[in-house]
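Below is one structure; the comments refer to it alone.
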Amino acid sequence: MPETTYSTDRHLVGRAIADITGEPAEAAMLGYGRADQKTAGIHLRLRARAFVFVDPLVERRVLLVVTELPLIFSSITQEVLRRLAQRFGDTYTESNVMITATHTHCGPGGYSHHRLYNRSGGFRPRTFAAIVDGITEAVERAHVDIAPATLRLIHGELHEASVNRSRAAFDLNPEEDKDFFPEAIDPQTTLLRIDRDGEPVGAVNWFATHGTSMTNRNTLISGDNKGYAAYHWERVVEGVNYLVDPDPDFVAAFAQTNSGDMSPNLDGSPGHGPTGDECENTRLLGLRQYEAAAKLAAGYMPRMAGSIDYRFLHIDLSSVTVAEEFTGDGCEHRTGRPAGGAAAFAGAEYDGPTQWKTFHEGRNPGWDFLSRSAYLFAPALRDAQAPKAIVAPGGLLNRSKPYVQEIVPVQLIRVAELYLLGIPGEVTIAAGLRLRRTVAAALGVELANVLIAGYSNAYFHYVTTPEEYAAQRYEGASTLFGRWQLPALQQVAAQLATALHDESTVPATTAAPDLSQLWQSAKTDPPPDFPPVGQNFGDVLTEPEPEYRAGERVSVEFAGAHPNHDLHRGSTYLMVQRYDGARWRTIADDGDWETTFEWTPGPAQSSRITIGWHSPADAASGSYRIRYFGDAVKPGSDPVPISGTSPEFRIHDAHHDT
């Protein structure tokens, strides 16, 4: 009899995938803080992966959603919870739902209800809707997919996939922190495997590295290295076809943890490490995460026991009194109103500077002088924020349309023997270690089984240790609530963990306000379309070559339309097809790594669509073609589907002499 039967499995699990790709044209990308980095196409589609874990013995469940997004904002969480309540009643609530982001820096922004994150392009209703619709769809599919399953958990180490981008700050930490991370990286890679009838049907991997393999010069939507890792396992290894498999046999998510100071750019500059090609780096760093996870999955994995449980609190981080037990200096302290430091506006040197050339990562003498002067007359501000060179006082900026969030969610969920501490920000590895130690001590569990689930449910920027904060590099300057922010979070984490351990409740707390009404008037509809002069929609403007060797790149240009009319969520803007002797078979679409979909505006509201396909080195010899699918809007009309098909071209094996 198979090991995984209902009589032997305590848990039920559902898992699913859905498309959450936003606007591929003219939407400011989120992550690097550059107004000039706007979407101009797609390299990899973005996806949400939902996992429902149920313990029927105690009738409790948790929902984990891993999204290939730059960030999660309360705007997304609140709307998703509204949708789920309409569909499932009180089954899924803010307490047992954790929505996380992989933190790619090459996804469209404009989906927050806080002004700072929409600054470069305003609120984008279409992108917001695509994300919410996709997450909700993934959850609905996962809910239907719930079935008996065996959960297995294992840890390993992965090196050569991250580097500490803020070593000067890390080195200020005490020896007990630095000794835990002798290479100044967090190499732990954790794999949760989901089995049914003795076969793996899902996996969630956690590893700390930033989603910045693609640089701020890239304008094609991409899930970055974690997006490639998931794509490789699902599509390349398991053969999942996203267009025709809405309920695939295998789902793999690559989630973030405490990656605040972890960069994938191993050579110390944007787009460098392990090669000088950002696309190849994205593939290689994703492949390394996949290979580490797959190696763990292929070996012995202990079966997990234990229940499902959760605890959740809202906390106003701007006014927390932190007990001396957590401050480290024997004194009680208070956090302060959010404030951005000068170095925060410079960006991280390893991953990509912002557009503000007047700011520097480190000291900024002019702003330092002004802040020191202010601290002389404001001792409470000094205790909370010094030595930050304050540039953006959030307390002032939040008076009308709020710039940043102050009331934030903190969450602890248990999945059998695994504990995830949901933090709505970017936690450095040393800060993460202290939070993990706090939770592990309160629960009496192994430290390795406690993970930081960064980028969860909302966003409040960075979390550094008080020692790292003193260096006021990018991460410290982006720790908005000051020096005592981490100790405040430790205090909350201890409260959640103690309640979970004692099976007691936590007090009801006030949530962040719903700001959706502030953004309902946003209008970002693209203008009507016109084909290039003398052309029709779908015409081929640049034909492919008649013949190619396998491994060469094919490119075709079409007379197209603005792609934001219809985002083709769950579908595609392109197909690469091969003739098999009887019919044309689709072998790649715009969700595949080897394809690119690029939009270029032309004169008089025309659009040029360039579709690229890097043919595989082992592509079968034969006849191929590329198809384009779009939607055109004429003045006063609704979108009308358009399409185009390239002339046939032949692929020969790489050794063929053409």
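Values for this structure:
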{"read-out": "Filtered residues of the range 413-432 (kept if outside any loop (DSSP other than H, G, I, E, B), in contact with a strand residue (DSSP E or B) (Cβ under 9 Å, 6 or more places away or on another chain) and more than 16 Å from Phe312 (Cα to Cα))", "value": "Leu418, Glu426, Val427, Ile429, Ala431, Gly432"}
{"read-out": "Residue in the range 381-412 that is nearest to the chain's Cα centre (by Cα), counting only those that are under 21 Å from Thr327 (Cα atoms) and in a loop (DSSP other than H, G, I, E, B)", "value": "Glu406"}
{"read-out": "Pair list, Cβ < 7 Å and 6+ apart or interchain, from the range 328-341 residues that are closer than 25 Å to Asp368 by Cα to residues that are charged (D, E, K, R)", "value": "His333/Asp383; Pro338/Glu406; Ala339/Lys388; Gly341/Lys388"}
{"read-out": "Filter result for the condition that a residue is under 24 Å from Arg283 (Cα atoms) and among the charged types (D, E, K, R), over Arg569, Arg650, Arg627", "value": "Arg569"}
{"read-out": "Subset tally (residues that are surrounded by 24 or more Cβ atoms within 10 Å (Cβ to Cβ) and over 21 Å from Arg34 (Cβ atoms)) for the range 92-127", "value": "5"}
{"read-out": "Test: residue in the range 258-273 that is more than 21 Å from the chain's Cα centre (by Cα), among the hydrophobic types (A, V, I, L, M, F, W, C), part of a loop (DSSP other than H, G, I, E, B) and more than 30 Å from Tyr403 (Cβ to Cβ)", "value": "no"}
{"read-out": "Residue that is nearest to Pro603 (Cα to Cα) [pool: residues in the range 488-515 that are of a type in the set (S, T, N, Q) and touching a helix residue (DSSP H, G or I) at 6+ places or on another chain (Cβ under 7 Å)]", "value": "Gln490"}
{"read-out": "Matching residues, the range 435-469, being more than 16 Å from Pro174 (Cα to Cα) and basic (Lys, Arg)", "value": "Arg436"}
{"read-out": "Out of Val244, Val236, sole residue that is in a helix (DSSP H, G or I), of a type in the set (A, V, I, L, M) and in the same structural domain as His103 (by TED's automatic domain parsing)", "value": "Val236"}
{"read-out": "All positions within the range 585-631 that are crowded, with 18+ Cβ neighbours inside 10 Å and of a type in the set (Asp, Glu)", "value": "Asp589, Asp590, Asp592, Glu598, Asp631"}
{"read-out": "Any chance Glu503 is among the charged types (D, E, K, R), closer than 30 Å to Tyr624 by Cβ and out of contact with any His (no Cβ under 6 Å at 6 or more places or on another chain)", "value": "no"}
{"read-out": "Residues within the range 350-380 that are in contact with a strand residue (DSSP E or B) (Cβ under 8 Å, 6 or more places away or on another chain), assigned to a loop (DSSP other than H, G, I, E, B) and at pLDDT 80 or above, tallied", "value": "2"}
{"read-out": "Among the candidates Ile154, Ile131, residue that is aliphatic (A, V, I, L, M) and surrounded by fewer than 23 Cβ atoms within 10 Å (Cβ to Cβ)", "value": "Ile154"}
{"read-out": "Among (1) under 22 Å from the mean Cα position of the chain (by Cα); (2) without any contact (Cβ under 8 Å) to a residue 12 or more places away in the chain, the one test that Leu285 misses", "value": "(2)"}
{"read-out": "Segments classed as strands (runs of 3 or more DSSP E), wholly inside the range 1-102, with at least 2 members that are of a type in the set (D, E, K, R)", "value": "11-19, 47-55, 60-67"}
{"read-out": "Residues of the range 523-543 satisfying the condition of being part of a loop (DSSP other than H, G, I, E, B), surrounded by 15 or more Cβ atoms within 10 Å (Cβ to Cβ) and among the hydrophobic types (A, V, I, L, M, F, W, C)", "value": "Phe530, Phe537"}
{"read-out": "Boolean, Gln495 is in a helix (DSSP H, G or I), of a type in the set (S, T, N, Q) and farther than 21 Å from Val204 by Cβ", "value": "yes"}
{"read-out": "Test for Thr572: is it at pLDDT 95 or above, under 29 Å from Phe530 (Cα atoms) and surrounded by fewer than 19 Cβ atoms within 10 Å (Cβ to Cβ)", "value": "no"}
{"read-out": "Counted residues, the range 54-84 - those being within 13 Å of the chain's Cα centre (by Cα) and of a type in the set (Ser, Thr, Tyr)", "value": "1"}
{"read-out": "Conditions (1) surrounded by fewer than 21 Cβ atoms within 10 Å (Cβ to Cβ); (2) touching a strand residue (DSSP E or B) at 6+ places or on another chain (Cβ under 9 Å); (3) at pLDDT 95 or above: number failed by Ala582", "value": "(2)"}
{"read-out": "Residue satisfying condition, being free of Cβ contacts under 8 Å to residues at least 60 places away in the same chain and among the small types (Gly, Ala, Ser), within set Ser555, Ser571", "value": "Ser555"}
{"read-out": "Enumeration of residues in the range 422-456 that are within 17 Å of the chain's Cα centre (by Cα) and not aromatic (Phe, Trp, Tyr)", "value": "Gly422, Ile423, Pro424, Gly425, Glu426, Val427, Thr428, Leu451, Ile452, Ala453, Gly454, Ser456"}
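The values are calculated or read from the model by the stated rules, or taken from the named source; none is laboratory data. Bear in mind the structure is a predicted one, so any value in this text is a computation, not a measurement. Neighbour counts are summed over all protein chains in view; Cβ atoms, including those assigned to glycine, are modelled from backbone coordinates with ideal geometry.
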